[in-house]
Every structure is written in structure tokens, then in C-alpha cells.
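Below: one structure, written as C-alpha cells.
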Amino acid sequence: MRWYLKAVGPKKVFEFLVLVVFIVFFLGPLLNLAILAFTGNWVYPDVLPKEWSLKWWSFVLEQDEIASSIGLSFLIAAIVTAVSIVICIPAAYAFARIRFPLSRFFLFSFLLTNAFPKMGLYISIAVLFYRLDLMNTLLGVVLIHLINVLMFMTWIPTSAFRNVHAAQEESARDAGASPFRVFRSITLPMAMPGIAVASIFTFLNSLDEAQGTFLVGIPNYRTMPVIMYSIISDYPAYAGAVFSIILTAPTIILLLAARRFLSADVMSSGFQLK
Amino acid sequence: MSKQSKMGVLGLLLVLPSFLVLFVIVILPVALSFKESLTNDSGGYDLSNYIYLFTDKLMRSNIIFTLTVTIISVGLVLAVSYALAVYMRFNDSAIVRWIQKMYMIPIFIPGVIATYGLIRMLGNRGWAAQFLYQFGVESMPRFIFDMKGIIIANLWFNIPFTTMLLASALTAVPNSIIESAKDVGAGMWRIFFNLILPLTYKTLLVAATFAFMGIIGSFTAPFLLGPNAPQMLGVSMQQIFGVFQDRQLASALAFFTFFLCSIMGYFYIREMTKEERGKAT
């Protein structure tokens, strides 16, 4: 054993240990759920179940509240993504390309969405919604989902638009293209990776949002994560694990689709200006 | 109208819708909850809600519990993330590339799911206990429904995001600087304290702010795997609002968390705007 450690070198061993700790800590809980979802019965203290089964999948899909929550979640996420694209992308373009009064003030005002601890902000919003009769309405739920996405939905596209070289737009203009044509054929396609990442992130964020919906959407707007709160306490562990996979699947699929665009740099431009 | 002022109006029109949303979901609620927090039971204005926060025994223990959890978690998150980000930046091997590929995954996992995974893993008959049993360890330390569980969940949620912010800041540190420092004989620690730390401290502060506010304002993890008493403030607020229907007290508690974060929030905004101003001139 010792000669082996020496031959590999302490650095390799150290890195390997880091990797193991990393995988156990971050992926262990997820792997545990993945196994549970396909288990028929798992008796303590077996390390792996002896009886595999798909019976919990049909059990979960037969529950009415669960099935309807899946549709509702996707509907809300789609609305939130569409609304945020419509209101944020024009703003991002303006920040990147147009000089207008108070532009810096407006750009930085989005920092406010991150300047308050979330649950405190949600409570404040719930107090306001209570007055405006927005509790337990679709509009209320969509608005509370927008808080978390407003900033990066504006900032990531802003830096994407800024990274498009003005010279390319100008040469297209010189060649006789209309401003709209330039935007559609040059600026938009080049900024697309940033916009795509921001949109996907928005969709996932809305799909996963639990705390705010739990506060203002109960009892009519019970999305998947909100249902999950009660599943954890009321259902058998296997059912909870199956539902976890259903809730996580869209995330994994969208991330695999977008992994070409996804980098620490693009992501962090949504939370700080560089 | 001149072309320039036309563009100015266009710019304002493009920005206005998103700013209005921001106004309705952030500025208005914060102002309203401040007013609400000063309202007493008979409709007048005084500090009675705040006085209750600091004199009620249970509330006081909630506040102390929240601050303890937050400070321990933020310290651990920053230490681990910074070490991981620096290591990934300056080392290149197959294993480092593996970690680079995987470390962002938890950012995208729904918080409820991750919390559930941790409950199943660390519960007293969870997967970890099942593994330990094979090695003859029959009693697990208590993680779930305990402070340790909340801290572990905070690490799970915050380390990947913090590492991402720091990793992106570290890619901006040019290799040439590090190499020339090495050439003149600077040791590892000197390079770290004199070059890497000054070049990344701003992001470090941003990361600290995000972690601090994220943990103080967290709900899902403490709600699902925290103890019944004392509670984190997020859970306590939700209960006061939802179960006891006391909107004034809930507002006061929300505003108290704003106050706790105000220094960091102010600092975050100031640092962010300072940089941009420097660029504009």
C-alpha cells in the first residue's frame, strides 16, 4: 500500500480524496434518491435494496394532486419565462446599446432583488398581496417567481449584447441593412447564447421555486415543489424519491441541452458586473 | 425632437416595464412592510412589534440560533469554496477536470429535492447509517432535526454557487503575473496573499454577501430538516404570517432580517456600482 502511494505521488492521492469527498457529499444524496425510486422494499441495514420495482411510479402518477401539479408547474414556468423575456430583453438591449438618462440608475436598481434576504422579502410581498387581493392568484405567483429571475434575465443578456462588436453592426448598416434587420440578423444571433442561458435558468428557477409559492399560492396554486413539502411528510419515502426524479428530470434535460453555452463566466455575469 | 433625445425616450420606454415590475415586487413591499411593522394592535404607530422581538424568550433564541447557523455556515462555505476554486484554477489534471465538470450541478437541483436527499441520506436510519453499520458503527450522530443538519444543507446549497463566482473571478487572474512572481522567487503563500487575494477580494465579498443573505433568508432546508425550537427566522416568519396571521409581527421580523443584511446589502451595491463607474470614465 505504502509503495503504491509513493509511486502515485501525494498530490494524486490528495486530489482523489477531494474527488471522493465531493462525490459523496454532493452526489450521494441524489444517488440515494435515484436508487430509492426504483426500490420495492429496502430493509435497514442493507447497503443496497434487495427488491427492485417500478410500483411506486404508478402509485405516484395515480395521485390526482401530483399529476395536476406537474401541469401547473410547467404552465407557470412557461408564463414566467415568456413574461421575463418580453420585459427584460428589451431593457438589456437598451442598457447595452442606447444612451439614455438615468441608465446607470436603472441598471443598478436590479441589484435590489438580491439586496434583501429572500424569506423576508417574500413576507413583505405577501403583506402587500394581501392588501391587493393577489394572494392565491396566478398573477401573484408569477410576480413572486419574477423576483429571482429579474436581475440575471437582464444582466446576462446585457453583457451578451455588449460583447457583440459594434463594428459588425455598423458594417451591416453601411451595406444598407435596416436597423431592425441588423438587430435580427447580427445582434440577436450573436447574443443568443447569453439569452438562451438566461432563459433556461429562468425556466428552471420558476420550476423549482418553492418558498414564495408556498407563501402566496396556497391552496390553489400548488406547484411541484410545494406538493413536495407535503409528500416528504405524508407519503412513503419511495414515493417521495419517484417524485424527486420527476421534478429533477426537466432540469437535467435542459442542462444537457444547454451545456455548450453554460460556463461559470456566463452564469456569474448575471450576479455581478465585470 | 432631435435624434439623441428620441433615442433617450426609446431607451426609457424599453427599460420601464421591467423597472415597474421591480417596483411592485421589491420597492413597494419593503416600504409597506416597514410601515406595517410599526403598526400596533390598536392601529397606532409605535415600536411594540420590535420590542416583542427582543423581549420574547422564544424569539430571542430564534434570532441567536439564526445568527449562529449563518456565521458558521458562511465561514465554512467561503473557506471550502475559495480553496476549491484556487486549486481548480492552478492545477490541471484529470481529476480536477472531473470536478470542474460536476461542481455546478447542485446549483440547478431544486432545493426541496436536495433537502429531501440529505434527509434520506443522513437520517438516523439513512444511507450513511447503513454504510456505517457495515463497519460496525451502529449509532449515527444526530443530523436531521438538528442545527448540524441545517449547516450541512447550507454547505450543500452554497458551496457550488460560491465556487462558481470565485472560479470566474480567478480566470481573470493572468497566468503571466503568477509566473513572473514565481520567477523572482515568490513562494506559494506570498503569491496568494499579495496577488491572488487582492485581485479577487471584491468577488469574495460579493460571494460572502450572497451566502450570508441566502442563509439568513432560507426557508426550505430549515423548514424540512431543522429543529422545532429554536427555529431559523425564515421558518419563524412563515409561521407568524401563515399560522398566527400576525402580519405586523411578521413584517417586523422581515424588516429585522433586512436590517441584519443591510450592511452587506449596502456594501454589495456599492462595490458593484463603484467598478462600473470606474469603467465609464
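Every number here is computed from the coordinates shown, using simple stated rules; none is lab data. The model shown is predicted, which means the values in this text are computed figures rather than measured ones. Because the Cβ atoms are built from the backbone with ideal geometry, glycine has one as well, and the counts that use them run over all protein chains shown.
Work through the residues other than B:L32 whose Cβ is under 14 Å from its Cβ and net out their charges, Lys, Arg +1 and Asp, Glu -1.
+2
With no solvent and one point per C-alpha, what does the Debye sum give as log10 I(q)/I(0) for the range B:181-230 at q = 0.21 Å⁻¹?
For the range B:181-230 at q = 0.21 Å⁻¹, log10 I(q)/I(0) is -0.78.
Would you mind ranking A:D64, A:D46 by Cβ crowding within 10 Å, fewest neighbours first?
Lowest to highest Cβ neighbour count: A:D64, A:D46.
Summarise the partner chain shielding of B:117-127 as one whole number: the mean count of Cβ atoms from other chains within 10 Å of each residue's Cβ.
Mean partner shielding for this stretch: 6.
Which whole number of Å³ per residue matches the convex hull of the alpha-carbon atoms in the range A:64-268?
145 Å³
Starting with the highest mean, order B:109-118, B:181-190, A:21-30 by the number of other Cβ atoms within 10 Å, averaged over the residues of each peptide.
B:109-118, A:21-30, B:181-190
For each of B:Y45, B:Y103, count neighbouring Cβ atoms within 10 Å of the residue's Cβ, then give the residues from fewest to most.
Neighbour counts put them in this order, fewest first: B:Y45, B:Y103.
Once Lys and Arg get +1 and Asp and Glu get -1 on their Cβ, which of B:P160, A:F214, A:P189 lies farthest toward the positive end of the dipole of the protein assembly as shown?
Positive-end residue among those listed: A:P189.
Averaged over every viewing direction, what's the projected area of the C-alpha convex hull for the range A:1-125? Give it in nm², one decimal, please.
Taking the Cα atoms of the range A:1-125, their convex hull projects to 16.7 nm² on average.
Give me the inter-chain shielding for A:40-51: mean count of other chain Cβ atoms within 10 Å, whole number please.
The mean count of partner-chain Cβ atoms within 10 Å per residue comes to 2.
Helix-only estimate, please: 222 nm mean residue ellipticity of chain A, summing -39500 (n - 2.57) across DSSP H runs of length 4 or more and dividing by its residues, to the nearest 500.
Computed ellipticity for chain A at 222 nm equals -23000 deg cm²/dmol.
Taking amide H positions as placed 1.01 Å from N in the peptide plane, with prolines and chain starts having none, which residues 5 or more places from A:G40, or on another chain, fall under 5 Å of its amide H?
Under 5 Å from the amide H of A:G40: A:E51, A:W52, A:S53.
Cut-off is 10 Å between beta-carbons; in what order do A:K118, B:K6 appear when sorted fewest neighbours first?
Ordered by Cβ neighbours within 10 Å, fewest first: B:K6, A:K118.
From the phi of every residue in the range B:169-182, what ³J(HN,Hα) in whole Hz does the Karplus formula 6.51 cos²θ - 1.76 cosθ + 1.60 yield, where θ is phi - 60° and glycine or proline is x?
Residue by residue, the range B:169-182 yields 5, 6, 5, 7, 7, x, 4, 4, 4, 4, 5, 5, 5, 5 Hz.
Please compute the Cα-Cα pair-distance distribution of chain B with 10 Å bins starting at 0, giving whole percents from short to long.
With 10 Å bins starting at 0, P(r) equals 6, 20, 26, 23, 16, 7, 1, 0, 0.
To make sure I understand the rule: partners must be lysines, Cα under 29 Å from the Cα of B:K148, and not fewer than 8 residues away in the same chain. Which ones qualify?
By straight Cα distance, B:K148 reaches A:K118, B:K57, B:K101.
Rule-of-thumb check for the protein assembly as shown: C-alpha Rg over 2.2 N^0.38 Å?
1.02
Kirkwood Rh, the range A:2-55, all Cα pairs: how many Å?
13.6 Å
Given the options B:S61, B:L197, B:A221, identify the residue whose Cα lies farthest towards the positive end of the charge dipole of the protein assembly as shown (+1 on Cβ of Lys, Arg; -1 on Cβ of Asp, Glu).
Towards the positive end, the residue furthest out is B:L197.
What 222 nm value per residue comes from the helices of chain B, counting each DSSP H run with n ≥ 4 as -39,500 (n - 2.57) and dividing by all residues, nearest 500 deg cm²/dmol?
Dividing the helical sum by the residues of chain B leaves -24500 deg cm²/dmol.
Please express the shape of the range B:35-86 as an equivalent ellipsoid: the semi-axes are the square roots of 5 times the eigenvalues of the C-alpha gyration tensor, given largest first in whole angstrom.
38, 13, 5
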